[in-house]
Amino acid sequence: MSTQLSKARFIFVVGGARSGKSRYAQNLAKTLAEQRLGRVLFIATAEVTDEEMAARIAHHRRERPQEWDTIEVPIGAADAILASKGQYDVILLDCITLFLSNLLLSMQEQPRDQIEIRIRQEVERLCAAARASEADVLFVSNEVGLSLHPLTALGRLFQDIAGRANQIIAAAADEVVLMFCGIPLKIKSQEGSD
């Protein structure tokens, strides 16, 4: 079967902090691009907020292959995916958690129920963009439900939003990979794959 006829996949890579999820997703994106002889778009959602974050972003930039195109969009990830239609064979969005944090901070003065509705709509829109893409699309996210219980109301709201968003994305994805101690565990697989 020709690689041009293979169906594009929506893959969700999730795990705790420092679980190896970004490295795994980048290696997978590289492999998928090589299989398709295609181009990769990396969508970065991080913003420089302090020196430590600037150093992290610089480190991640150095780790990515030079031939990949990168766009930095703290909030407009769905629009970036839709605008790239037909231009790339693999799209890697890293990471959902920062995307959600950026959304939450942009509307934190609104009532909680409105925040939750709007963020759910944005996550559903992001999943729809991934499903409509002709490229293999990979999303990376933190599993925040296994971490410490936040002490602040804003922290608890973020944890709730991130947990619900991960559930929405996992339901929409063809494949879900849980990273644990650097080991990928495929917990959802597309019918007929592997």
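The values are calculated or read from the model by the stated rules, or taken from the named source; none is laboratory data. Please read these numbers as outputs of a predicted model, since none were measured by experiment. Because the Cβ atoms are built from the backbone with ideal geometry, glycine has one as well, and the counts that use them run over all protein chains shown. The area values use the complete protein model at the heavy-atom level, side chains included, leaving out ligands, DNA and RNA. Shrake-Rupley method; radii C 1.70, N 1.55, O 1.52, S 1.80 Å.
Scan A58, A83, A77 and give me the residue that is of a type in the set (A, V, I, L, M, F, W, C) and under 16 Å from the mean Cα position of the chain (by Cα).
One residue alone meets the criteria, A77.
Within region 24-60, can you find the residues that are free of Cβ contacts under 8 Å to residues at least 60 places away in the same chain, closer than 24 Å to K186 by Cα and part of a helix (DSSP H, G or I)?
Scanning region 24-60 gives N27, K30, T31, A33, E34, Q35.
Would you pick out the residues in region 5-22 that are touching a residue at least 12 places away in the same chain (Cβ under 8 Å) and not small (G, A, S)?
Listed by number, the residues that qualify are R9, F10, I11, F12, V13, V14, K21.
When you scan region 64-151 for helices (runs of 4 or more DSSP H) that lie fully inside it, which ones turn up with 1 or more residues that are open to solvent by 60 Å² or more (accessible area, probe 1.4 Å), of a type in the set (D, E, K, R) and farther than 23 Å from R23 by Cα?
Per the criteria, 77-83, 112-132.
State which residue is surrounded by the most Cβ atoms within 10 Å (Cβ to Cβ) when the search covers only region 1-60 and only residues that are polar (S, T, N, Q) and within 21 Å of L103 (Cβ to Cβ).
T45
For the structure I just gave you, tell me whether R156 is in a helix (DSSP H, G or I), at pLDDT below 95 and either more than 19 Å from I119 (Cβ to Cβ) or out of contact with any strand residue (DSSP E or B) (no Cβ under 6 Å at 6 or more places or on another chain) (or both).
For R156, the condition - in a helix (DSSP H, G or I), at pLDDT below 95 and either more than 19 Å from I119 (Cβ to Cβ) or out of contact with any strand residue (DSSP E or B) (no Cβ under 6 Å at 6 or more places or on another chain) (or both) - is met.
For region 159-194, how many residues are without any contact (Cβ under 8 Å) to a residue 40 or more places away in the chain, open to solvent by 30 Å² or more (accessible area, probe 1.4 Å) and part of a helix (DSSP H, G or I)?
3
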